[in-house]
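Report on the structure given below.
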Amino acid sequence: MEEPIHVIGHKNPDTDSICSAIGYAFLRNALGDAEVRPARAGELNRETRHVLERFSLSEPDLLTTATGRQLILVDHNEVAQALDDIRHGTVLEIWEHHRIGDLQIPSPITFHCEPVGATATLIAEQFFLHDIEPPPAIAGALLAAILSDTLVLASPTTSGKDRRMAPRLAALAGVEVSEFGAELMAARGDIATRSARDLIDADFKAFNFAGHRVGIAQVEVPDARPLVTRRTELLEAMQRVKNEQNLRQAILLGTDISRKGSYLWAVGELRDVVERAFHCQLTDEGVFLEGCMSRKKQVVPVLEAAFASVPAG
Ligand code: MN
Ligand code: MN
């Protein structure tokens, strides 16, 4: 058998990384490329597990190395979020909705990046452009990814295209958008019963800002007060992640969906840079950033600019 081409999302995979991989591999198979398979770069979170069970989809293959493999990347395009040895793999395509990162690819490839709410929106669009109707399970998985990334179409990252794709997918999957969205948010689990480390690992990303390794975890909840109550435990867990991943700075965003803003905490040597970036004084209680809901749109660019003036050391 020929070596498969794996479609893979980022480390600490979320629903968009997993379901975009499943959806895109399915589309390529439907178009006649039988050798394309979905993959994952880590353990599934609860919400994603719920989605796969609900639509009877199997867990993608776990990949721990990129060396010698042919890969299609979805939902990421920077080295810090990819398999560690990504530079030793062959990247054939990228489907994305984040900032353009630092992965250099020596030959021309399909690199499709749009400022939409979820990679799954772009994958869904490809089904429709190719006149291929996604089966209910695939439509449901793609819809789940869109609703997960956009907090049920409420995040400031939500685009017109997300709003157009969601109802089309919902009709094919036989679900109702807001009802299914509520089911997904509930599947994330009651934060009171989850460990601090589980809360952080469910959505953690590393970045390279001008040579500084910075990690940003985001916990999105209907009401962030329980996070404030558990801040000591959460900051200890962040400190452990910082050490394990050799980060100069680790940041935790506790996003309060109903208040439409995020608490900000930081552990590391460069707290002053974070303070300058957000014009705030960090405290253990957490600083509340009014209107800040999106890591990719409202946090990453601000930190990137602030770290740019800090000499790497
Ligand atoms: Mn993602
Ligand atoms: Mn995404």
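Table: residues versus (1) within 16 Å of ligand 2 (Cβ to nearest atom); (2) out of contact with any Ser or Thr (no Cβ under 8 Å at 6 or more places or on another chain); (3) among the aliphatic types (A, V, I, L, M); (4) open to solvent by 20 Å² or more (accessible area, probe 1.4 Å).
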site: I5; (1), (2), (3), (4): no, yes, yes, no
site: H10; (1), (2), (3), (4): yes, no, no, no
site: C19; (1), (2), (3), (4): yes, no, no, no
site: D33; (1), (2), (3), (4): no, yes, no, yes
Residues in segment 120-135 that are surrounded by fewer than 15 Cβ atoms within 10 Å (Cβ to Cβ) and not aliphatic (A, V, I, L, M) total 5
A206 meets each of (1) within 20 Å of L184 (Cβ to Cβ); (2) touching a Leu at 6+ places or on another chain (Cβ under 8 Å); (3) within 16 Å of ligand 1 (Cβ to nearest atom) with one exception, condition (1)
Condition (residue is in contact with a helix residue (DSSP H, G or I) (Cβ under 7 Å, 6 or more places away or on another chain), modelled with pLDDT of 95 or more and closer than 24 Å to L184 by Cα) applied to segment 97-105: is it met by at least one residue?
yes
It is to be established whether one or more residues within segment 103-119 are in the same structural domain as A170 (by TED's automatic domain parsing), assigned to a helix (DSSP H, G or I) and either open to solvent by less than 30 Å² (accessible area, probe 1.4 Å) or more than 15 Å from ligand 1 (Cβ to nearest atom) (or both).
yes
Could you list, in sequence order, all residues of segment 125-163 that are within 16 Å of ligand 2 (Cβ to nearest atom) and in a loop (DSSP other than H, G, I, E, B)?
T150, L151, V152, L153, A154, S155, P156, T157, T158, S159
Go through segment 43-57 and give me each residue that's surrounded by 18 or more Cβ atoms within 10 Å (Cβ to Cβ) and assigned to a loop (DSSP other than H, G, I, E, B).
L44, N45, F55, L57
Residue set E53, E78, E35, E59; condition more than 19 Å from L122 (Cβ to Cβ) and in contact (Cβ under 8 Å) with a residue 24 or more places away in the chain; output residue E35
Say we look at segment 169-182 and pick out the residues that are closer than 14 Å to A141 by Cβ and more than 21 Å from the chain's Cα centre (by Cα); which of these is surrounded by the most Cβ atoms within 10 Å (Cβ to Cβ)?
A173
Test T48 against the criterion of being in the same structural domain as S159 (by TED's automatic domain parsing), among the polar types (S, T, N, Q) and touching a helix residue (DSSP H, G or I) at 6+ places or on another chain (Cβ under 8 Å), and give yes or no.
yes
Looking only at segment 81-99, how many residues end up being under 20 Å from K297 (Cα atoms) and open to solvent by 20 Å² or more (accessible area, probe 1.4 Å)?
2
Exactly one of A25, A21, A34, A30 is farther than 17 Å from V79 by Cα and within 12 Å of ligand 1 (Cβ to nearest atom), and that residue is A21
Any residue that is free of Cβ contacts under 8 Å to residues at least 40 places away in the same chain, within 12 Å of ligand 2 (Cβ to nearest atom) and out of contact with any Lys or Arg (no Cβ under 6 Å at 6 or more places or on another chain) - is there at least one of those in segment 104-112?
no
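The values are calculated or read from the model by the stated rules, or taken from the named source; none is laboratory data. Not measured: the values here are computed from a predicted model. Here Cβ is always computed from backbone atoms with ideal geometry, including for glycine, and neighbour counts include all displayed protein chains. Note: accessible area is taken over every heavy atom of the protein model, side chains too, but ligands, DNA and RNA are not part of it. Shrake-Rupley method; radii C 1.70, N 1.55, O 1.52, S 1.80 Å.
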